[in-house]
1. Anything in the stretch 16-40 that is closer than 15 Å to T73 by Cα and touching a Lys or Arg at 6+ places or on another chain (Cβ under 8 Å)? List them, or say none.
2. Determine whether N46 is touching a residue at least 24 places away in the same chain (Cβ under 8 Å) and either more than 16 Å from R2 (Cα to Cα) or acidic (D, E) (or both).
3. Please identify the pairs in which a residue from the stretch 78-92 that is part of a loop (DSSP other than H, G, I, E, B) and among the small types (G, A, S) has its Cβ atom under 9 Å from the Cβ atom of a residue that is exposed (fewer than 14 other Cβ atoms within 10 Å of the Cβ) and at pLDDT below 95, counting only partners at least 6 apart or on another chain.
4. Filter the stretch 66-80 for residues that are open to solvent by less than 70 Å² (accessible area, probe 1.4 Å) and over 9 Å from the mean Cα position of the chain (by Cα); which is nearest to T8 (Cα to Cα)?
5. Can you tell me which residue is surrounded by the fewest Cβ atoms within 10 Å (Cβ to Cβ) among those in the stretch 1-28 that are under 16 Å from G89 (Cβ atoms) and of a type in the set (S, T, Y)?
6. Six or more apart or on different chains, Cβ under 6 Å: which pairs go from a residue in the stretch 13-38 that's assigned to a helix (DSSP H, G or I) to one that's charged (D, E, K, R)? Could you list them?
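The values are calculated or read from the model by the stated rules, or taken from the named source; none is laboratory data. Everything numeric here is computed off the predicted structure, so don't read it as measured data. Here the Cβ positions follow ideal geometry from the backbone for every residue, glycine too, while neighbour counts run over all protein chains shown. Side chains are part of the model used for accessible areas, which takes the heavy atoms of the whole protein and leaves out ligands, DNA and RNA. Shrake-Rupley method; radii C 1.70, N 1.55, O 1.52, S 1.80 Å.
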Amino acid sequence: MRALLSATGWPEELHGEALAVSYCESKFSPEAKGDSGQSLGLFQLNVLWFSYAGEDSAKWTDPAVNARTALATYRYDIAKGQAPWMQWGCKP
């Protein structure tokens with residue numbers, strides 16, 4: 001998972017938090033579905049975030065696509081002045 005986070009642009013100082021959130025959300029399962037199918041993949045992202053991140057939502061099971069989308073979502077919250085990890089039920 002650390003290699004995946006590095007490869008998808010996650011800053012090393014956020015690896016611990018991202019690992020905690022993704023494990024809590026999906027137990028690191030790229031095919032995890034929650035919330036009646038509305039939360040998808042490693043980071044349990046709503047399908048709407050994929051288009052925001054410029055990713056193909058059909059590839060939500062691809063760990064790299066899911067991790068890049070999660071990073072874009074995380075950065076969205078920060079840019080809007082919101083608390084980190086606001087979009088997730090699990091917090092680091």
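1. Within the stretch 16-40, V21, S39, L40 meet the criteria.
2. The answer is yes for N46.
3. Pairs that qualify, where the first residue is part of a loop (DSSP other than H, G, I, E, B) and among the small types (G, A, S) and the partner is exposed (fewer than 14 other Cβ atoms within 10 Å of the Cβ) and at pLDDT below 95, are G89/G34; G89/D35.
4. Once the filter is applied, the top-ranked residue is Y76.
5. Here the answer is Y23.
6. Once the first residue is assigned to a helix (DSSP H, G or I) and sits in the stretch 13-38, its partners that are charged (D, E, K, R) give H15/R2.
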